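> This is the structure I want to talk about, given as structure tokens.
The values are calculated or read from the model by the stated rules, or taken from the named source; none is laboratory data. These figures come from a predicted structure and were not determined experimentally. In this analysis, Cβ positions are derived from the backbone assuming ideal geometry, glycine residues included, and neighbour counts consider all displayed protein chains. Protein only, heavy atoms only, side chains kept; ligands, DNA and RNA dropped before computing areas. Shrake-Rupley method; radii C 1.70, N 1.55, O 1.52, S 1.80 Å.
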Amino acid sequence: MQNARLAGPGAGAEKYDILTALAVKGLSSSGPLQTSILRLVALVTARYNWARGEMAIGQREMAALWSVDERTAKRETRRLIDTGFLVLKVRGVKGRVAVYALDLPAIYGATQEEWVKVGSDFALRMAGRHEPAPQRQVTPQAADAHVVHVDFSGGSRGASSPWARMMRMLEDANPAHFASWYARLSLVRAERGVVTVCAPSRFAAQYLETHLRRELEHPLRVCFGPDTRCEIVAAS
């Protein structure tokens, strides 16, 4: 469990992004889960201390905030804990209210499928926080004469290789998609009719596979051959 302790530059934006992700997840759900998530959004907005990564609140206060009775508030709190969104840090005892914290990895994981509904820039931003591991440069086997490797991250637009031409085509066709999704791709290998590209995260690879494969494959086949197939992998 990772407490949501957010302070300093960029913290405000991440707080709003977390609340946005939860709200969209709640709206896309139904029944008790929808109610629970939207109640959590209200609770966090009203009472969460982001700098400390916790909130201290009693069942009576929760019930008043949610316009329910205390029994319902207790049941709702248990549901939020069971889903993993809310973690009980300190139990409430006589004269002292309970202390709760958010579990950010659980929230990011549970809302991941909804990020694209907000927008590709939002999805990329959330994925960068959810999977912060730096991009790994994959080096092809030197013995394979058919392997091509070009590092386009340095902006070598003058390169005449198929990979560089493909990247220029992607950038010219859709600068926004290029900046958000294609610029951080790296070429792993091109051999036997298959071009393997590496995305910086599992989420980015999944998004490319699901939403942008056709857009990616058109320039790839123009530059590498009409029968070329694209394989998308994630850095690890």
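> Excluding residues on the same chain fewer than 8 positions from LYS25, give the aspartates and glutamates whose Cα lies under 18 Å from its Cα.
In chain and number order, the partners are GLU14, ASP17, GLU76, ASP82, ASP103, GLU113, GLU114, ASP121.
> At 7 Å along Cα-to-Cβ for each site, give me the label-to-label distance between THR35 and ARG129 in nm.
2.9 nm
> Now for a separate question. Taking the simple approach of a point 7 Å from Cα along Cα-to-Cβ for both ARG165 and ASP69, what is their distance in nm?
Taking the simple label geometry, ARG165 and ASP69 are separated by 7.4 nm.
> Let me ask you something else. Quick one: length gained pulling ALA56 to TYR16 fully straight, 0.36 nm per residue minus the C-alpha distance?
Working: separation 40, 0.36 × 40 = 14.40 nm, distance 2.06 nm.
Additional length available on full extension: 12.3 nm.
> Relative contact order for the range 38-125 using alpha-carbon pairs under 8 Å, separation at least 6, rounded to a whole percent?
Working: 83 pairs, mean separation 19.7, N = 88.
About 22 percent, as a whole number.
> Net charge near ALA13: determine it from the other residues with C-beta under 14 Å of the C-beta of ALA13, scoring Lys and Arg +1 and Asp and Glu -1.
Working: positive: LYS15, ARG125, ARG129; negative: GLU14, ASP17, ASP121.
Value of the local net charge: 0.
> Which whole-Hz couplings ³J(HN,Hα) result when phi for each residue of the range 52-57 is put into the Karplus expression 6.51 cos²θ - 1.76 cosθ + 1.60, θ = phi - 60°, listed in order with x for Gly and Pro?
8, x, 6, 9, 10, 7
> Alpha carbon centre of the range 58-121 versus the range 214-236: separation in Å?
First find each Cα centre; the distance between them is then 43 Å.
> Sort GLU215, GLU113, GLU191, GLU70 from largest to smallest accessible area, using a 1.4 Å probe on the heavy atoms of the protein chains.
Values: GLU215 65, GLU113 145, GLU191 35, GLU70 85 Å².
Of GLU215, GLU113, GLU191, GLU70, the descending order of accessible area is GLU113, GLU70, GLU215, GLU191.
> How about LYS74: which lysines have a C-alpha closer than 19 Å to its C-alpha, ignoring those fewer than 8 places off in the same chain?
LYS89, LYS94
> If you don't mind, there's one more thing I want to ask. Could you work out the Kirkwood radius for the range 16-63, taking every pair of different alpha carbons, averaging 1/r and inverting it, reported in Å? Spell out each step's value before the answer.
Details: mean 1/r = 0.0876 Å⁻¹.
Hydrodynamic radius (Kirkwood, Cα pairs) of the range 16-63 is 11.4 Å.
> When ranked by the protection proxy of mean other Cβ atoms within 10 Å per residue, highest first, what sequence do the peptides 18-24, 95-101 form? Walk me through the numbers before you get to the answer.
Numbers: 18-24: 19.9, 95-101: 16.0.
Those peptides, ordered most packed to least, come out 18-24, 95-101.
> Quote to one decimal, in nm, the extra length available between ASP82 and ALA42 on full extension: 0.36 nm per residue of separation minus the C-alpha distance between them.
Stretched out fully, the ASP82 to ALA42 stretch lengthens by 12.6 nm.
> With r defined as the distance between the Cβ atoms of GLU113 and ARG192 and R0 fixed at 30 Å, what FRET efficiency is calculated, to the nearest 0.05? Intermediate values should be presented prior to the final figure.
Numbers: r = 34 Å, r/R0 = 1.14.
Efficiency at R0 = 30 Å is approximately 0.30.
> Over the range 1-112, one equal point on each Cα, no solvent: what is log10 I(q)/I(0) by the Debye formula at q = 0.13, 0.16, 0.18 Å⁻¹?
-0.45, -0.69, -0.89
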